[in-house]
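S.K.: I have a structure I would like to understand better, so I am pasting it below and will then ask my questions one at a time.
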Amino acid sequence: MDRVEVKLTHAKPRIELELLLGGDLTAEQESRLREVADRCPVHRALKGEVEISETR
């Protein structure tokens with residue numbers, strides 16, 4: 001892999017994600033990288049309900 005590019009577009013109430021992986025990857029490697037990306041904490045927080053608490 002020689003490149004990773006993430007593009008996010010926000011249009012309420014939706015976020016569009018485009019994940020671009022560059023390099024000499026097999027279909028299996030690309031699939032596995034996408035699975036890992038789906039499990040990152042930020043991705044999971046955005047997909048689920050998020051509670052925000054503020055301390056002043």
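Computed from the coordinates by the stated procedures, all read-outs in this text should not be read as laboratory data. Predicted model only: the values in this text are computed from it and were never measured. Don't worry about glycine lacking a Cβ; one is built from the backbone with ideal geometry, like all the others, and counts go over all protein chains shown.
S.K.: What does the charge dipole of segment 3-47 about its Cα centre add up to, to the nearest 20 debye, if the Cβ of each Lys and Arg holds +1 and the Cβ of each Asp and Glu holds -1?
M.R.: My answer is approximately 360 debye.
S.K.: List, in order, the whole-Hz ³J(HN,Hα) value for each residue of segment 40-47 obtained from phi through the Karplus relation with A = 6.51, B = -1.76, C = 1.60 and θ = phi - 60°; use x for Gly and Pro.
M.R.: Listing the rounded values in order: 5, x, 5, 4, 5, 5, 5, 6 Hz.
S.K.: Given a Förster distance of 25 angstrom, what is the FRET efficiency for H10 paired with E49, based on the Cβ-Cβ distance and rounded to 0.05?
M.R.: With a Förster radius of 25 Å, E is 0.90.
S.K.: Here's another thing I want to ask about it. With a sphere of radius 9 Å drawn around the Cβ of T9, what net charge do the other residues whose Cβ falls strictly inside it have (Lys, Arg +1; Asp, Glu -1)?
M.R.: 0
S.K.: Of L19, V50, M1, whose Cα points farthest to the positive end of the dipole of the chain (charges on the beta-carbon: +1 Lys, Arg; -1 Asp, Glu; origin at the Cα centre)?
M.R.: V50
S.K.: Where does the chain land at 222 nm, in deg cm²/dmol rounded to the nearest 500, when only DSSP H runs of n ≥ 4 count, each adding -39500 (n - 2.57), divided by all residues? The partial results should precede the final answer.
M.R.: On the way: 2 runs with 19 residues, N = 56.
Mean residue ellipticity, 222 nm, calculated: -10000 deg cm²/dmol.
S.K.: Got a sec to turn the phi values of segment 8-15 into Karplus ³J(HN,Hα) couplings, 6.51 cos²θ - 1.76 cosθ + 1.60 with θ = phi - 60°, whole Hz, x for Gly and Pro?
M.R.: Running phi through 6.51 cos²θ - 1.76 cosθ + 1.60 with θ = phi - 60° gives 10, 10, 10, 9, 2, x, 10, 10 Hz.
S.K.: Please report, to one decimal in angstroms, the Kirkwood hydrodynamic radius of the chain built from all distinct Cα-Cα pairs.
M.R.: On the way: mean 1/r = 0.0748 Å⁻¹.
When all Cα pairs of the chain are included, the Kirkwood radius is 13.4 Å.
S.K.: Next question. Using the alpha-carbon atoms, what tilt in degrees (0 to 90, nearest 10) does helix 27-38 show relative to the longest principal axis of the chain?
M.R.: It works out to around 10 degrees.
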